[in-house]
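Below: the structure, in structure tokens.
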Amino acid sequence: MSLRTVPTTPFPGQKPGTSGLRKQVKVFQQPHYLENFVQSIFDVLEGSAGQTLVIGGDGRYYNREAIQIILKMAAANGIGQVLLGQGGILSTPAVSCLIRKYGAYGGIILSASHNPGGPEGDFGIKYNIGNGGPAPETVTEAIYARTQTLDRYCILDAPDIDLDRLGEQRLGSLAVRVIDPVADYLGLMQRLFDFDQIRDYLASGIRIVFDAMHAVTGPYARAILQGSLGAPQSSVLNGVPLPDFGGGHPDPNLVYARELVELLFGEDGPDFGAASDGDGDRNMILGRKFYVTPSDSLAVLAANAQQVPGYREGLAGIARSMPTSQAADRVAVQLGIPCYETPTGWKFFGNLLDAGKVTLCGEESFGTGSNHLREKDGLWAVLFWLNILAVRRQTVQQIVEEHWRTYGRNVYSRHDYEGLDTTVAQELMENLRRSLPGLVGQSYGSQTVAYADDFSYTDPVDGSTSSHQGIRIGFENGSRIVYRLSGTGTQGATLRVYLEQFEPDPAKQGLDPQIALAGQIQLADHLAQIRARTGRQQADVIT
Ligand code: VG1
Ligand code: CO
């Protein structure tokens, strides 16, 4: 085994987005591309010599190859120990759990999350810090800056590690410990939820289906739902992780989780359905013939948290990303606790959780989590729901409708326009930004604009400011239209339009959101000239 220093030159565009660096597999496969980024991570980590890193990925194409490279680079860069998920598999929440449990210095997650995989698909890499959460912007900016000046990387010339053999192997001075990807995570879930109660509930004839979408949650769902909670074999769909996710799009929403949606909305469907994404941090919750909007899911979990063992003592506060509906804010008011509004992406929740300011966090993009770790957590949300259902013994639909009657309904929808020409999308946003000062006070139908701005966030813990986090147009009646460009896509630009309207009248709360929001949808197009500028007549994905 010998240590090799390889001369290299910078690649443009190695800038982490909303959640790590995501590019097409082909981009990552270029010689030195992955190595440059990984070396830049090691170069900005101070005091990592001899420390422990957690490494694993969502099993997508190029996962195993990338892990071999990263292990040899970790060895060459003086890391002391790596905890590696068996087969190179670890869900994003499991990485967060392991970093925290074993006091690791940080972790590297190989995933492009909900983006498709396979040789023609996407790959990604994210760095998590010692609190178990995504690296904050100060760290991702430093990594990016380093990629632009890098002129060498260090790697150990050594044979590959056997990724599937549990136990310790060595790469020079680095100890690689291959561990069961599920055990520690399962232990944490057992401490938070009442597994006995959920098991009894499931045994009472309740039928559940979890769609792992051929992504990382398969082994977790089988061990937890079937192994520990006694759900039958049929309760986990697409439970084997595949490098190309079976050709699917591992994004748990009404469009991409069609198989599950058809089951739940079909005749004699199951009582409860759920799905997770590529790396296991997202969740979609369904009842029989009923879809729970992620923003509502966060609000329902908050309102019912004290029925669940891990949250009996109540919540310190709630945080939601700016585009997420204000349903959780209403619960926070009732509970007399603060509700924070952060930019999109989990990295902004870490400081609030570390400071004990919030207990629950959520995003409209099917992400919910809590202070149990520092990532959003798909299966955790599923277990949270099952625990609430086991206590309340009502249907998902009854619970959500009762919630609306109590708090009012924040009718909500997100419209995504995917694969737009980047210049067209940027001009659309620029133009809209320029029009903001003139919008305040304008009336459209019965609505008057109360504020129109480009969201800027100052972290209440460390005082750092993040600007240009999305355009918000808020109306005096509480309705909102939010526009932002995605920071996770790899081809062209994706415009996300978030629509929200408050409906206090129970008689009108059952209306299909697309119908209830029709006026808002039209206004969103009018204000940003979406159809005229993009040539698109409608959104590609509506959630
Ligand atoms: C999207 C979601 C955002 C989420 C991010 C990462 O980002 O909107 O809420 O945190 O994906 O999720 P963007 O920039 O494309 O809107 V995951 O599960 O893909 O790591
Ligand atoms: Co994800």
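The values are calculated or read from the model by the stated rules, or taken from the named source; none is laboratory data. Since the structure is predicted, the reported quantities are computational estimates derived from the model, not experimental observations. All Cβ positions, glycine included, derive from the backbone under ideal geometry; neighbour counts span all protein chains shown. Accessible surface is based on the protein model in full, side chains and every heavy atom, while ligands, DNA and RNA are left aside. Shrake-Rupley method; radii C 1.70, N 1.55, O 1.52, S 1.80 Å.
Quick look at the values:
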quantity	calculated
Any chance Val308 is surrounded by 24 or more Cβ atoms within 10 Å (Cβ to Cβ) and away from ligand 1 (no atom under 16 Å from the Cβ)	no
Unmet requirement for Lys347, which otherwise passes all of (1) farther than 23 Å from Val461 by Cβ; (2) within 16 Å of ligand 2 (Cβ to nearest atom)	(1)
Every residue from region 246-295 that is more than 11 Å from ligand 1 (Cβ to nearest atom) and assigned to a helix (DSSP H, G or I)	Gly246, Gly247, Arg258, Glu259, Leu260, Val261, Glu262, Leu263, Leu264, Phe265, Ser295
Helices (runs of 4 or more DSSP H) lying entirely in region 346-444 (those with 1 or more residues that are in contact with a helix residue (DSSP H, G or I) (Cβ under 8 Å, 6 or more places away or on another chain), of a type in the set (Phe, Trp, Tyr) and closer than 30 Å to Ile206 by Cβ)	378-392, 396-407
Every residue from region 483-492 that is modelled with pLDDT under 95 and more than 10 Å from ligand 1 (Cβ to nearest atom)	Thr490, Gln491, Gly492
Flag for Gly367 being of a type outside the set (Val, Ile, Thr), open to solvent by less than 40 Å² (accessible area, probe 1.4 Å) and within 16 Å of ligand 1 (Cβ to nearest atom)	yes
Residues being part of a helix (DSSP H, G or I) and charged (D, E, K, R) - total across region 202-229	1
Enumerated strands (runs of 3 or more DSSP E) restricted to region 118-201, each holding at least 2 residues that are more than 30 Å from Gly248 (Cβ to Cβ) and not aromatic (Phe, Trp, Tyr)	152-157, 167-171, 174-179
First in region 317-333 and under 13 Å from Phe502 (Cα atoms) and in a loop (DSSP other than H, G, I, E, B), second anywhere and open to solvent by 10 Å² or more (accessible area, probe 1.4 Å) and away from ligand 2 (no atom under 16 Å from the Cβ), Cβ under 7 Å, 6 or more apart	Ser325/Tyr412
Candidate set: region 375-394, residues that are open to solvent by 10 Å² or more (accessible area, probe 1.4 Å) and touching a residue at least 60 places away in the same chain (Cβ under 8 Å); chosen: the one nearest to ligand 1 (Cβ to nearest atom)	Lys376
